[in-house]
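Presented below is the structure to which this report refers.
The values are calculated or read from the model by the stated rules, or taken from the named source; none is laboratory data. Owing to the predicted nature of the structure, the values given are computational and were not obtained by experimental measurement. Virtual Cβ from ideal backbone geometry, glycine too; neighbours counted across all protein chains shown. These area figures cover heavy atoms from the full protein model, side chains too; ligands, DNA and RNA do not enter into them. Shrake-Rupley method; radii C 1.70, N 1.55, O 1.52, S 1.80 Å.
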Amino acid sequence: MATIAPLRTGTKYFQLYTTAKHLAWDPAAVDLSRDRPQWETIRRDFARERYAEQILHLCSLFYAGEESVTQTLSPFLGAIARAGLGVDKELFLTAQLFEEAKHFELFARYFAEVFGEDGASVAARYLSDAPRAVLVDDLDAVANRLRREDDPVALRALLVEGVVHYMGVVEAMLARTGYAGSAEALAARGWLPGLQEGFRLVRRDEGRHVAFGIRFVAELTRDDPALRDTVHATFERHLPNVIGTVQSFASYEYPLVDLDRLQQFALDAFGQFMTAAGLLDGGDAGDLQSELRDVERVTPDAR
């Protein structure tokens, strides 16, 4: 049964929601005019290195991942509402759903206008078992369980599992790793400025998403310490597919990105998420803790 609940505007969740409003952007406004001719040059001049194929491979995972997180977020929103965990959290997830849809739109547009390909077809070609499991199938499974669960205690435990998978594994460990590595590789070569700008905007949004996940997990595990085991088990369950997703690029003789560095980036993100959520003592929260602070102090003038 729906309930009427007060809106608390002084919380960190509401602050993240407010920041999302200030930093709204339009994927249709990202300038891709220089990317198409550069893409043709990359295809022509770096056939031996297979750089064009690697970029397609990377972007196909972004396409599939952004489509998946867009399709699976609404059950989280509904579950938080049913659990009565706060309208401020509901407002933030509403903003996040809008942002995930924009991220998917950006990649769909890029495939059509720059690659001249259908994103869904290319993603199907490159989505091997490991990324398909962690980005699509397993995330869809936990979202479906959230749709059906009504028991308040079980719902909180399932929300912790789902948020760790969505914000901790998919966004903190995989998406941030992929965007950071790809942006660095393209910037070093001066390639595809429109795609670089898209990466920057998406990563800025995902900083808020990860910040939400950290706060949410910290709050619920503080209220119920038994849920700490759920957090650890969820990370451990998905770790092999995280590593498998990074290593799906190991077959390229001339890798565009440093796979060892990316794998370490992903592993570090686990420790950083856990430390920032207060679940790992003596660690260094590093980039995630900095991002948590940054996304909370953004003002309208910072766009």
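Mind telling me which of the residues 301, 294 ends up being more than 28 Å from residue 58 (Cβ to Cβ), modelled with pLDDT under 50 and in a helix (DSSP H, G or I)? Explain how you work it out, then say what you get.
Values: 294 fails: more than 28 Å from residue 58 (Cβ to Cβ).
None of the others qualify; the one that does is 301.
State yes or no: is residue 183 of a type in the set (A, V, I, L, M, F, W, C), without any contact (Cβ under 8 Å) to a residue 12 or more places away in the chain and open to solvent by 20 Å² or more (accessible area, probe 1.4 Å)?
No: the conditions fail for residue 183.
What helices (runs of 4 or more DSSP H), lying completely within region 5-75, carry at least 3 residues that are open to solvent by 20 Å² or more (accessible area, probe 1.4 Å) and touching a Pro at 6+ places or on another chain (Cβ under 9 Å)? Spell out how you get there, then give the answer.
Working: elements: 12-22, 35-45, 51-72.
Fully inside region 5-75 and qualifying: nothing.
Could you check region 105-119 and list, in sequence order, the residues that are closer than 30 Å to residue 77 by Cβ and open to solvent by 50 Å² or more (accessible area, probe 1.4 Å)?
Going residue by residue through region 105-119, those that are closer than 30 Å to residue 77 by Cβ are 105-112, 118-119.
Once the filter is applied, which keeps residues that are closer than 30 Å to residue 77 by Cβ and open to solvent by 50 Å² or more (accessible area, probe 1.4 Å), region 105-119 yields 105, 112, 118.
Among the residues of region 150-163, what is the count of those that are part of a loop (DSSP other than H, G, I, E, B) and closer than 19 Å to residue 219 by Cβ? Reasoning before the result, please.
Pass one, region 150-163, residues part of a loop (DSSP other than H, G, I, E, B): 150-151.
Adding the requirement that they be closer than 19 Å to residue 219 by Cβ leaves none.
Qualifying residue count for the region: 0.
Could you tell me whether residue 136 is out of contact with any strand residue (DSSP E or B) (no Cβ under 8 Å at 6 or more places or on another chain), of a type in the set (Val, Ile, Thr) and open to solvent by less than 10 Å² (accessible area, probe 1.4 Å)? So that I can check it myself, show each step before the final result.
Values: out of contact with any strand residue (DSSP E or B) (no Cβ under 8 Å at 6 or more places or on another chain): yes; of a type in the set (Val, Ile, Thr): yes; open to solvent by less than 10 Å² (accessible area, probe 1.4 Å): no.
Taking the combined requirement at face value, the residue does not satisfy it.
What is the number of the single condition among (1) surrounded by fewer than 16 Cβ atoms within 10 Å (Cβ to Cβ); (2) modelled with pLDDT under 95; (3) out of contact with any Ser or Thr (no Cβ under 9 Å at 6 or more places or on another chain) that residue 84 does not meet?
(3)
If I filter region 24-47 for residues that are within 23 Å of the chain's Cα centre (by Cα), touching a residue at least 40 places away in the same chain (Cβ under 8 Å) and under 29 Å from residue 85 (Cα atoms), do I get at least one hit? Quick ask: steps written out before the conclusion?
Restricting attention to region 24-47, the residues satisfying the condition of being within 23 Å of the chain's Cα centre (by Cα) are 24-32.
Among the residues that remain, those that are also touching a residue at least 40 places away in the same chain (Cβ under 8 Å) are: 25-28, 30-32.
Checking which are under 29 Å from residue 85 (Cα atoms) leaves us with 25.
Checked region 24-47: at least one residue is within 23 Å of the chain's Cα centre (by Cα), touching a residue at least 40 places away in the same chain (Cβ under 8 Å) and under 29 Å from residue 85 (Cα atoms).
Residues in region 162-177: is at least one modelled with pLDDT of 95 or more, charged (D, E, K, R) and either open to solvent by less than 10 Å² (accessible area, probe 1.4 Å) or out of contact with any helix residue (DSSP H, G or I) (no Cβ under 9 Å at 6 or more places or on another chain) (or both)?
yes
Condition first: out of contact with any Leu (no Cβ under 7 Å at 6 or more places or on another chain), acidic (Asp, Glu) and closer than 24 Å to residue 135 by Cβ. Can you find one or more residues in region 28-47 that meet it?
Checked against the condition, which is being out of contact with any Leu (no Cβ under 7 Å at 6 or more places or on another chain), acidic (Asp, Glu) and closer than 24 Å to residue 135 by Cβ, region 28-47 yields no hits at all.
Test of understanding: among 177, 94, which residue is out of contact with any Pro (no Cβ under 9 Å at 6 or more places or on another chain) and within 26 Å of residue 9 (Cα to Cα)?
Working: 177 fails: within 26 Å of residue 9 (Cα to Cα).
After ruling out the rest, the residue left standing is 94.
In this structure, does residue 93 turn out to be surrounded by 20 or more Cβ atoms within 10 Å (Cβ to Cβ), at pLDDT 95 or above and not aromatic (Phe, Trp, Tyr)? Explain how you work it out, then say what you get.
Values: surrounded by 20 or more Cβ atoms within 10 Å (Cβ to Cβ): yes; at pLDDT 95 or above: yes; not aromatic (Phe, Trp, Tyr): yes.
Criteria met by residue 93.
If residue 191 meets every condition in (1) under 11 Å from the mean Cα position of the chain (by Cα); (2) part of a loop (DSSP other than H, G, I, E, B) apart from one, which number is that one?
The one condition residue 191 does not meet is (1).
Among the residues of region 212-262, which ones are assigned to a helix (DSSP H, G or I), closer than 18 Å to residue 183 by Cα, open to solvent by less than 60 Å² (accessible area, probe 1.4 Å) and in contact (Cβ under 8 Å) with a residue 60 or more places away in the chain?
Those that are assigned to a helix (DSSP H, G or I), closer than 18 Å to residue 183 by Cα, open to solvent by less than 60 Å² (accessible area, probe 1.4 Å) and in contact (Cβ under 8 Å) with a residue 60 or more places away in the chain: 245, 246, 262.
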